[in-house]
Amino acid sequence: MKFIIVSPRQHSGGSIVLHRLCQYLQDQGHEASVFLICRGCFSSKRTFLSWFIWLCYNTADFVAYHVFKLLAGIGFVAPFEDFFYSPIKNIKRWYGFKVPSDVIVVYPEIVYGNPLHAQKVVRWLLYFNKFHDDKAFGNKDLVFCYRDIFNDSQLNPKGRRLGFSYFDFGMYKQTNFAERQGVCYILRKGKNRKDLPSTFIGPIIDNLSERKKVKILNRCKYCYLYDTQTFYGTIAAVCGAIPIVVLEKGKTRNDYLGNGETGYGVAYGDTESEVDFAIKTRNLCLEDLKKLEIYGEQQVIEFIKTCEDYFKGVKDDTERKSKQFI
């Protein structure tokens, strides 16, 4: 089978797992590529504007890549290290405005509509569905959720799930085993919360390079997270900080975890019992991360089988050549 995965650059957990899905599919012998987008360029029904933004983004991305590569070649690496950070390697890119009918396109939940005019569409809800009109998704789209808590039961009544992760142990690790001091903050999807403090007593690390984030997480004792659904809580735990999810009013740990999820290594709230739980279960968190590769491969095999069965009745135009795969 042939797949195109629509994804931003690998600068967040969601985009990394999208690229990892592409890699898994390649490993299973399927033809898979990534159609690179910027965040927000296909998030509305304004098709012409979306494509114009996409064209500008990819043009700028192409120029920036080669300019940064040239500068990195003569020693100016540090300012561009986050641009080049791509933990998932050797991913093919696809360029085009419309895909052949025999290709399955996987859209994350941030994409509105079907900009590539695919006949076979998979929607992968990596977060909560933010679109609530009939034209956002197609009636025949095959829908998966990343976690049960993100599922939209109207779109995915069977609760199909494709949930795996990728962890870069070479990047994210504890290097400081001495006494720690201070706090840092992660806001991300919680940046508009009304309960944000008026002042922060430590750095907000959202926009730092991954290497700088790791350095700060190895220095600080606590990391407060206002994004209640970010994988950076686990990353903070691996780096030796104590991650504390700042609870929304009236909510508890159980409101943020799906079925079977443990929340090992992370405190939900700053009570003594939660902080103690985070410290005592950190090693269990590390053990779970090491099992992800095997689990992910099994998930993708099931995903492929589901796609085969679901799209079996969709007629393929085999005469059209998919020359855009490079």
* Within the range 181-202, is there a residue that is in contact with a helix residue (DSSP H, G or I) (Cβ under 7 Å, 6 or more places away or on another chain) and hydroxyl-bearing (Ser, Thr, Tyr)? -> no
* **Count of the range 278-291 residues which are open to solvent by 30 Å² or more (accessible area, probe 1.4 Å) and in contact (Cβ under 8 Å) with a residue 12 or more places away in the chain** => 5
* To do: State yes or no: is PHE164 modelled with pLDDT under 90, under 27 Å from LEU257 (Cβ atoms) and of a type in the set (Phe, Trp, Tyr)?
  => yes
* To do: For the range 179-194, state whether one or more residues are over 26 Å from GLY260 (Cβ atoms) and within 19 Å of the chain's Cα centre (by Cα).
  => yes
* Is there a residue being within 16 Å of PHE169 (Cβ to Cβ), assigned to a helix (DSSP H, G or I) and open to solvent by less than 50 Å² (accessible area, probe 1.4 Å) anywhere in the range 292-303? -> yes
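Let's see how each residue does on (1) at pLDDT 95 or above; (2) of a type outside the set (Asp, Glu); (3) over 20 Å from HIS19 (Cβ atoms):
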| residue | (1), (2), (3) |
| --- | --- |
| TYR112 | no, yes, yes |
| VAL122 | yes, yes, no |
| LEU125 | yes, yes, no |
| LYS130 | no, yes, yes |
| ASP134 | no, no, yes |
| ASP148 | no, no, yes |
| GLN154 | no, yes, yes |
* When residues of the range 253-269 are limited to those that are over 14 Å from ILE149 (Cα atoms) and of a type in the set (Gly, Ala, Ser), the one surrounded by the most Cβ atoms within 10 Å (Cβ to Cβ) -> ALA267
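Among the residues in the range 43-53, are any among the hydrophobic types (A, V, I, L, M, F, W, C) and in contact with a strand residue (DSSP E or B) (Cβ under 9 Å, 6 or more places away or on another chain)?
Looking through the range 43-53, none of the residues is among the hydrophobic types (A, V, I, L, M, F, W, C) and in contact with a strand residue (DSSP E or B) (Cβ under 9 Å, 6 or more places away or on another chain).
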* Determine the pairs where a residue that is among the aromatic types (Phe, Trp, Tyr), located within the range 258-276, has a partner that is at pLDDT 95 or above with Cβ atoms under 6 Å apart, the partner being 6 or more residues away or on another chain. => TYR264/THR281; TYR268/VAL245; TYR268/GLU274
* Asked: Name the residues in the range 203-252 that are open to solvent by 50 Å² or more (accessible area, probe 1.4 Å), in contact (Cβ under 8 Å) with a residue 60 or more places away in the chain and not in a loop (DSSP other than H, G, I, E, B), would you?
  -> ARG211
* Pull up the range 184-202, narrow it to residues that are assigned to a loop (DSSP other than H, G, I, E, B) and of a type in the set (A, V, I, L, M, F, W, C), then point me to the one that is surrounded by the fewest Cβ atoms within 10 Å (Cβ to Cβ). => ILE201
* Structure fact -> Being touching a strand residue (DSSP E or B) at 6+ places or on another chain (Cβ under 6 Å) and either in a loop (DSSP other than H, G, I, E, B) or under 16 Å from ARG123 (Cβ atoms) (or both) narrows LEU18, LEU25 down to just LEU18
* Structure fact -> In the set ASN90, ASN176, the lone residue that is touching a Gly at 6+ places or on another chain (Cβ under 9 Å) and in a loop (DSSP other than H, G, I, E, B) is ASN176
* Does the range 80-90 contain any residue that is modelled with pLDDT under 90, in contact with a helix residue (DSSP H, G or I) (Cβ under 8 Å, 6 or more places away or on another chain), aliphatic (A, V, I, L, M) and surrounded by 19 or more Cβ atoms within 10 Å (Cβ to Cβ)? -> yes
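The values are calculated or read from the model by the stated rules, or taken from the named source; none is laboratory data. Keep in mind that this is a model prediction, so the values were computed, not measured. Don't worry about glycine lacking a Cβ; one is built from the backbone with ideal geometry, like all the others, and counts go over all protein chains shown. Just so you know, the surface numbers come from the protein's heavy atoms only, side chains and all, with ligands and any DNA or RNA stripped out. Shrake-Rupley method; radii C 1.70, N 1.55, O 1.52, S 1.80 Å.
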